[in-house]
1. Within the stretch 9-30, track down each residue that is in a loop (DSSP other than H, G, I, E, B) and surrounded by fewer than 12 Cβ atoms within 10 Å (Cβ to Cβ).
2. Is it true that D134 is surrounded by fewer than 19 Cβ atoms within 10 Å (Cβ to Cβ) and closer than 25 Å to G18 by Cα?
3. So V54 passes all but one of these: (1) surrounded by 15 or more Cβ atoms within 10 Å (Cβ to Cβ); (2) in contact with a Gly (Cβ under 7 Å, 6 or more places away or on another chain). Which condition number does it fail?
4. Just checking, does the stretch 19-38 include any residue being touching a Lys or Arg at 6+ places or on another chain (Cβ under 6 Å) and hydrophobic (A, V, I, L, M, F, W, C)?
5. Out of A73, A63, report the one residue that is more than 24 Å from M110 (Cα to Cα) and aliphatic (A, V, I, L, M).
6. Filter the stretch 86-145 down to residues that are assigned to a strand (DSSP E or B) and among the β-branched types (V, I, T) and give me whichever is nearest to G56 (Cα to Cα).
7. Filter the stretch 127-143 for residues that are touching a residue at least 40 places away in the same chain (Cβ under 8 Å) and either closer than 18 Å to K67 by Cα or among the polar types (S, T, N, Q) (or both) and give the result.
8. From the list G6, G33, G56, G43, pick out the single residue that is assigned to a loop (DSSP other than H, G, I, E, B), more than 11 Å from the chain's Cα centre (by Cα) and within 22 Å of E155 (Cα to Cα).
Amino acid sequence: MAISVGDKIPAATLYKMGADGPEAVSTEEYCAGRKVVIFGVPGAFTPTCSAQHVPGYMQNVDALKSKGIDAIACVSVNDAFVMGAWAKDQGTGDAIDMLGDGSGELAKSMGIELDLGARGLGTRCKRFALVAEDGVVKHLALQDGGELTISSAEEVLKAL
């Protein structure tokens, strides 16, 4: 069963690229005591994710922060090295935390796995966006298809 509004974000360890290599990021610590937007994509460097999803959040960082958002994270079933390279490619800097869910731990625990094995991509996560306050999901936009609609930054802003 997929995560729902009112659920707590599952405890999982994600990884971001730090100056000395991958650094562990606990979902519990990341969300504790603050309001965050977490959006997930099927894969780093993929067409829609790179051309629309991340750029849309980059264009709306200030608008999201003005609505009380303390942090924005992009999660993908990729390793920290890929996410670090993608962060550089997208120019996210400190605006968006690019977090790798390399083993799909978060995707599985949220019930949002996406089987793209037939296309040579393995198991990924569905495209989604959520707003959480102190780790509790207040808004969830979970997409079934590959196109970017309800999980865009613009749609999250409308929900805030």
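1. Initially, the stretch 9-30 is screened for residues in a loop (DSSP other than H, G, I, E, B), giving 9-12, 19-20.
A19, D20 - these are the residues of the stretch 9-30 that are in a loop (DSSP other than H, G, I, E, B) and surrounded by fewer than 12 Cβ atoms within 10 Å (Cβ to Cβ).
2. Judged against the criteria, D134 is a match.
3. Result: V54 passes all but (2).
4. Initial filter on the stretch 19-38 (touching a Lys or Arg at 6+ places or on another chain (Cβ under 6 Å)): 23, 25.
Then drop every residue that is not hydrophobic (A, V, I, L, M, F, W, C), which leaves 25.
Yes; the residues of the stretch 19-38 include at least one that is touching a Lys or Arg at 6+ places or on another chain (Cβ under 6 Å) and hydrophobic (A, V, I, L, M, F, W, C).
5. Step by step, each of A73, A63 is checked, and only A63 is more than 24 Å from M110 (Cα to Cα) and aliphatic (A, V, I, L, M).
6. Checked the stretch 86-145; the qualifying residue nearest to G56 (Cα to Cα) is V131.
7. Keep residues of the stretch 127-143 that are touching a residue at least 40 places away in the same chain (Cβ under 8 Å), which gives 127-140, 142.
Selection gives A129, L130, V131, A132, E133, D134, G135, V136, V137, K138, H139, L140.
8. It is G6.
No lab work stands behind these numbers, since they all come straight from the coordinates. Keep in mind that what you see is a predicted model, and the values were worked out from it rather than measured. All Cβ positions, even for glycine, are placed from backbone atoms using ideal geometry, and neighbour counts span all protein chains on display.
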